[in-house]
Amino acid sequence: MFHPVLLQIYLALFLLSFLTYTRTYGLPTLSPSKLHLFLTSPSSLKTLLCLLIWTISYFLMSFLGGTIAYWRFPRTPGNAETPSPLPDLIFNLFPETCPKIFGQNLQSLTLIIYYTYLTLIILPFHPSSEKILRHFLLLNSLMFLTRTTTVSITSLPQPNYTPKCLLAQNSSSTFLESLHVVMGRGFPPKSCGDLIYSGHASCAIISMYIIEYHNAYFGRKYVRRIGWSLVGIAVGSIFMCRSHYGVDVVLAGYFSAFLGEGFYLRLEGRTGRWGEEIVRWLGGEEEDSYGKRKSRRRNTGQATGESEILLKDSADAESVASSVNSSREEEGETIIGGCIYGGTTTSV
């Protein structure tokens, strides 16, 4: 249930971004034909397929990762009042407090702002909106799948005062009981011990990675600065709320950077490795995006340099051939069709 004031903030953000867009590009043209074009275009199949992949990946992360993490969550019998966190250097640098706005902690509120910007600003007005949506779904799917492997392998003690986890650390649980707790108590699923690595930090970084690649801040640098500032606020809130350990956030930064870089390298066809054809088909060609323009300029410059080298080599070869021919003509030889005939005639 969203607070009415929160909805007013969303509306204010939408109006601010809309005014920024109209000052730069003019009024957008929205018509029912645009919706009809989306529903009838072949690319809509890719978008729906990406949405299906996102749904399956999220379900697997919750079903396997969350359930196994809750099942293997470290228990401390006899202690149901205080958490038993591991020692962490970051916790010594940030005070233990969890500021909230309208009932939402700041890391969750940051993701809500990102997704609102994606839904209300980028999708209606950006020229590559459908491709951005597909990239968002695919990159988040990769994050869900990689996080499934990490949280299911290693479960850590919960570092904060989550009531459900405080009760869970005082008693054991079977796999089926863990499945009921994680999957049978509403959406989104909630678990304990699923800490490696931070999903909130990774989602925030991936959102900014996509915005940077597609220049989805519409050339307004202050929008870009606000976006990265929100990432810093989310990370700080994660530490103050003790939602994750420091290593969880560090690994989230590594995974997000490597996943984003690997995804777009394959999208641009610059790796020649496994998965490239699938990524290029689902993600589509980025001819109208900022990142593809940079890649095209880079490839054009590389091709121009190679052409100059070939032309230089060809000119050198012609110069050498010309000098050889001149020396042979001086010696009385004749060159016809690439064959050399001596100046003297031999009788047979």
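When the residues of the range 143-167 are filtered to those that are aliphatic (A, V, I, L, M) and crowded, with 22+ Cβ neighbours inside 10 Å, which remaining residue is farthest from GLY246 (Cα to Cα)?
The first filter runs over the range 143-167 and keeps only residues aliphatic (A, V, I, L, M), leaving 143, 145, 151, 153, 156, 166-167.
Checking the rest, the ones that are also crowded, with 22+ Cβ neighbours inside 10 Å come to 143, 151.
Working: MET143: 18, VAL151: 15 Å.
The selected residue is MET143.
Mind listing just one residue for me: the one in the range 195-232 that is under 17 Å from LEU142 (Cα atoms) and of a type outside the set (A, V, I, L, M, F, W, C) and, of those, surrounded by the most Cβ atoms within 10 Å (Cβ to Cβ)?
Here the residue is SER198.
Among the numbered criteria (1) part of a helix (DSSP H, G or I); (2) of a type in the set (D, E, K, R); (3) surrounded by fewer than 17 Cβ atoms within 10 Å (Cβ to Cβ), which single criterion is violated by ARG134?
It fails just one condition, (3).
Only one residue in SER237, SER207 is closer than 27 Å to ILE53 by Cβ and among the hydroxyl-bearing types (Ser, Thr, Tyr). Which one?
On the way: SER237 fails: closer than 27 Å to ILE53 by Cβ.
The match here is SER207.
Could you check MET143 against (1) out of contact with any strand residue (DSSP E or B) (no Cβ under 9 Å at 6 or more places or on another chain); (2) assigned to a helix (DSSP H, G or I); (3) aliphatic (A, V, I, L, M); (4) under 24 Å from PRO95 (Cβ atoms) and say which number it fails?
Unmet for MET143, out of (1) out of contact with any strand residue (DSSP E or B) (no Cβ under 9 Å at 6 or more places or on another chain); (2) assigned to a helix (DSSP H, G or I); (3) aliphatic (A, V, I, L, M); (4) under 24 Å from PRO95 (Cβ atoms): (4).
Taking the range 210-242 as the region of interest, how many residues are hydroxyl-bearing (Ser, Thr, Tyr), under 25 Å from GLY262 (Cβ atoms) and in a helix (DSSP H, G or I)?
The initial filter retains those residues of the range 210-242 that are hydroxyl-bearing (Ser, Thr, Tyr), namely 213, 217, 222, 229, 237.
Then keep just the ones that are under 25 Å from GLY262 (Cβ atoms); that gives 213, 217.
Restricting the remaining residues to those that are in a helix (DSSP H, G or I) gives 213.
Selection size over the range 210-242: 1.
Have a look at PRO124, PRO87 and point out the one that is outside any helix (DSSP H, G or I) and either surrounded by fewer than 21 Cβ atoms within 10 Å (Cβ to Cβ) or out of contact with any helix residue (DSSP H, G or I) (no Cβ under 6 Å at 6 or more places or on another chain) (or both). Give the steps one after another, and end with the answer.
Values: PRO124 fails: outside any helix (DSSP H, G or I).
Result: PRO87 is the single residue among PRO124, PRO87 that is outside any helix (DSSP H, G or I) and either surrounded by fewer than 21 Cβ atoms within 10 Å (Cβ to Cβ) or out of contact with any helix residue (DSSP H, G or I) (no Cβ under 6 Å at 6 or more places or on another chain) (or both).
From THR82, THR97, THR47, THR76, which residue is touching a helix residue (DSSP H, G or I) at 6+ places or on another chain (Cβ under 6 Å), surrounded by fewer than 15 Cβ atoms within 10 Å (Cβ to Cβ) and either among the charged types (D, E, K, R) or touching a residue at least 40 places away in the same chain (Cβ under 8 Å) (or both)?
Numbers: THR82 fails: touching a helix residue (DSSP H, G or I) at 6+ places or on another chain (Cβ under 6 Å); THR47 fails: surrounded by fewer than 15 Cβ atoms within 10 Å (Cβ to Cβ); THR76 fails: touching a helix residue (DSSP H, G or I) at 6+ places or on another chain (Cβ under 6 Å).
Just a single option satisfies the conditions, and that option is THR97.
Only one of these conditions is not met by ASN170: (1) farther than 26 Å from ILE56 by Cα; (2) crowded, with 22+ Cβ neighbours inside 10 Å. Which number is it?
(2)
Computed from the coordinates by the stated procedures, all read-outs in this text should not be read as laboratory data. Here the structure is a predicted model, which is why all the values come from computation and not from measurement. Here the Cβ is made from the backbone with ideal geometry for all residues, glycine too, and neighbour counts use every protein chain on show.
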